[in-house]
1. Determine which member of the set 518, 506, 501 is surrounded by 22 or more Cβ atoms within 10 Å (Cβ to Cβ) and touching a strand residue (DSSP E or B) at 6+ places or on another chain (Cβ under 6 Å).
2. Working carefully through the options 237, 184, find the one that is more than 28 Å from residue 305 (Cβ to Cβ) and touching a residue at least 12 places away in the same chain (Cβ under 8 Å).
3. Could you pull out every one of the helices (runs of 4 or more DSSP H) wholly within the stretch 213-319 that has 2 or more residues that are modelled with pLDDT of 80 or more and surrounded by 20 or more Cβ atoms within 10 Å (Cβ to Cβ)?
4. For the stretch 392-434, which residues satisfy the criterion of being in a helix (DSSP H, G or I) and at pLDDT below 90?
5. Among the residues of the stretch 575-612, write down those that are over 26 Å from residue 130 (Cα atoms), surrounded by fewer than 17 Cβ atoms within 10 Å (Cβ to Cβ) and in contact (Cβ under 8 Å) with a residue 40 or more places away in the chain.
6. For the stretch 145-162, does any single residue satisfy the condition of being more than 22 Å from residue 271 (Cα to Cα), surrounded by 15 or more Cβ atoms within 10 Å (Cβ to Cβ), modelled with pLDDT under 90 and in contact with a strand residue (DSSP E or B) (Cβ under 9 Å, 6 or more places away or on another chain)?
7. Could you list, ordered by first residue, the pairs with Cβ atoms under 7 Å in which the first is in the stretch 322-343 and farther than 19 Å from residue 447 by Cα and the second is at pLDDT below 95 and not in a helix (DSSP H, G or I), at least 6 apart or interchain?
8. Restricting to the stretch 12-48, and then to whatever is part of a helix (DSSP H, G or I) and free of Cβ contacts under 8 Å to residues at least 60 places away in the same chain, can you tell me which residue is surrounded by the most Cβ atoms within 10 Å (Cβ to Cβ)?
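The values are calculated or read from the model by the stated rules, or taken from the named source; none is laboratory data. Bear in mind the structure is a predicted one, so any value in this text is a computation, not a measurement. Positions of Cβ are backbone-derived with ideal geometry, glycine not excepted, and every protein chain shown enters the neighbour counts.
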């Protein structure tokens, strides 16, 4: 083989998927390549060709200026080989570019014996990623994910009337062998009665058993659809701290499922752990309960749970520990002098926690606070922050905690913080914005935060300079793809030769989702909810949202599986994965996910023209 062809052959032999081709196929493929030079700003012909980028960069568009992808050295443009090329699709060189090109039909003939290479050729990075995520979901082995609430509501619904006595209802429950009743007024459900209601609201208070059941029933009924999975039921039970869920089908309650029903399907301890936490009488008991969190995460991952399910469960447990610590503090200190809200920031607010994250929290205090009230809140903050640290939620290195007086302020001071961050986006303001624009109330008066949030969502979309600075700050986290689109690995002495899946993989998506939400004035907090809510708005296309959701799910699942393996081996979970742990296919899909993120970052960069700041 001539030396020029040998050099081209060696180049393509290092690029997936061609790196898996046998020698004879590579040798036949190389002479079929043509060399093309495209000047910056020129379009690349839309004929049915596959292009390998030797030098330069190209951008792919759908319609006028709708960027859907960017490729650089070592990347492959497969779009013209797809069966469903969009009629308004075009590709433009953003730098002077050198391409190796081959007709799609010719390439398909040469690699016809390798289905994986054919699949790569016929799909874009986003399409390959979507199919990988779909396969991950299909391979989930959990009964809970594939069993639906309606499937296990086999018993007839047992009901009572609001004027029936507690004695009558207790007898009916005993006779039918059930632990709950739906209280009906005519055809309308007006309440739920459980054996726990009878114990706590009747027996414990010495209430006469002849009292009408309406006096002790739970009036606000939390239900779920018959089409919801048992995993959905588990998440609701864990988050809302309930043990009975009425099931609704066609706007009619058809039955009730309980934690026992779920345990019967597949042993799960998340609900029981939150129950144990609520009953804890000491810090020592909370510490003991918190030791179970990594095991629960492992159990959920082994059941096929994704970040949505794991995050909701772990965050519910963290919230339960936080609320019990606050209750213990109030038992010790007495009632609060004025209303307040204990707020969580970051991953806990987004419900994206994994086991034992560090703390990010604060307190919003009513503006009615008097000069002598601060001491009470200082003691509360110190007690809860210390307790969380003892339970494995370590102190925030940046002291973003309620024990720091700066984050223990009145509502008007908090509002002033946000106003200043939006109006004067200096580096510190941007760092704090990335934390405190994700907030949720864990305990106390939600209206204290709601008023502040409403003001933020009105101001942020109007301040393009603030959004531009937020974007520039967000772009400091880039996917770890470098020369030849190979992985750029960590070299810090502690995690050498690994990928930081959190800060280089997930954080760029989290940051972009936050910007989309702020730009559109959306109230959603979780990353997935923000992307879905922003889809189809001026800030984010439907396709871009779908691609980011796939990337977020794929990277999240890799991280969860990595952490599960560490927990199972008796170690502490972290975010640093060696590429050697990945199969060749997983490596390719991870690169596809990173390419999606790069494209969406480039779109944001162009929109806000961050290079001019």
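1. Only one candidate qualifies: 501.
2. 184
3. So the answer is 230-240, 270-279, 283-290, 293-302.
4. Hits for the stretch 392-434 are 427, 428, 429, 430, 431, 432, 433, 434.
5. Selection gives 609 alone.
6. Looking through the stretch 145-162, at least one residue is more than 22 Å from residue 271 (Cα to Cα), surrounded by 15 or more Cβ atoms within 10 Å (Cβ to Cβ), modelled with pLDDT under 90 and in contact with a strand residue (DSSP E or B) (Cβ under 9 Å, 6 or more places away or on another chain).
7. Close Cβ pairs satisfying both conditions: 324/280.
8. Here the residue is 30.
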